[in-house]
Amino acid sequence: QVQLVESGGGLVQPGESLRLSCAASGSIFSMYVMGWYRQAPGKQREFVATTTTGGSTNYANSVKGRFTISRDNAKNTVYLQMNSLKPEDTAVYYCAVAMGGMNYWGKGTLVTVSS
């Protein structure tokens, strides 16, 4: 079993930055993918970014160039640095881990971008 705990959400103004963190605990194996998804009000959950243990990254086009995903393998923690935030980035952000054929999800952290 894997537990994921997100932190770092909040209310910011357009153009500001925020950093999300997600710490994984439990039965963590060496090779796994960590990532972030988000769900805006009234919309389906969508992919934001992922990173592998080898450091490869992948981003949604809507966040490319503004968001940076990184991870600390020693701490089983993944981060999402979000810069130049826009109102359309408002959503609940979920941390996810794919490992051993299973997908694990955190409970989410709310990011609100509003003036």
> Taking the Cβ of VAL111 as the center, what net charge do the other residues with Cβ under 9 Å away carry, scoring Lys and Arg +1 and Asp and Glu -1?
Replying inline: 0
> To the nearest 20 debye, what is the magnitude of the charge dipole of the chain about its Cα centre, counting +1 on the Cβ of each Lys and Arg and -1 on the Cβ of each Asp and Glu?
Replying inline: 60 debye
>> Let me test this: with uniform point scatterers at the alpha carbons of the chain, what is the Debye-based log₁₀ I(q)/I(0) at q = 0.21 1/Å?
In response: -1.13
> Using just the C-alpha positions of region 26-73 as equal point scatterers, what log10 of I(q)/I(0) does the Debye formula give at each q in 0.20, 0.31 1/Å?
Replying inline: -0.72, -1.17
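Taking all protein chains together and a probe of 1.4 Å, list ASP89, ASP72 from the most accessible to the least accessible. Walk me through the intermediate numbers first.
Values: ASP89 0, ASP72 45 Å².
Solvent-accessible surface, decreasing: ASP72, ASP89.
Share of antiparallel DSSP beta bridges in the chain, in percent to the nearest 5?
Details: 40 of 43 bridges.
Antiparallel bridges: around 95 percent, rounded to the nearest 5.
The values are calculated or read from the model by the stated rules, or taken from the named source; none is laboratory data. Just so it is clear, the structure is predicted and the values come from calculations on it, not from any experiment. Note that we place each Cβ from the backbone using ideal geometry, even for glycine, and neighbour counts take in every protein chain shown. All accessible areas refer to the heavy atoms of the entire protein, side chains included, with ligands and DNA or RNA removed. Shrake-Rupley method; radii C 1.70, N 1.55, O 1.52, S 1.80 Å.
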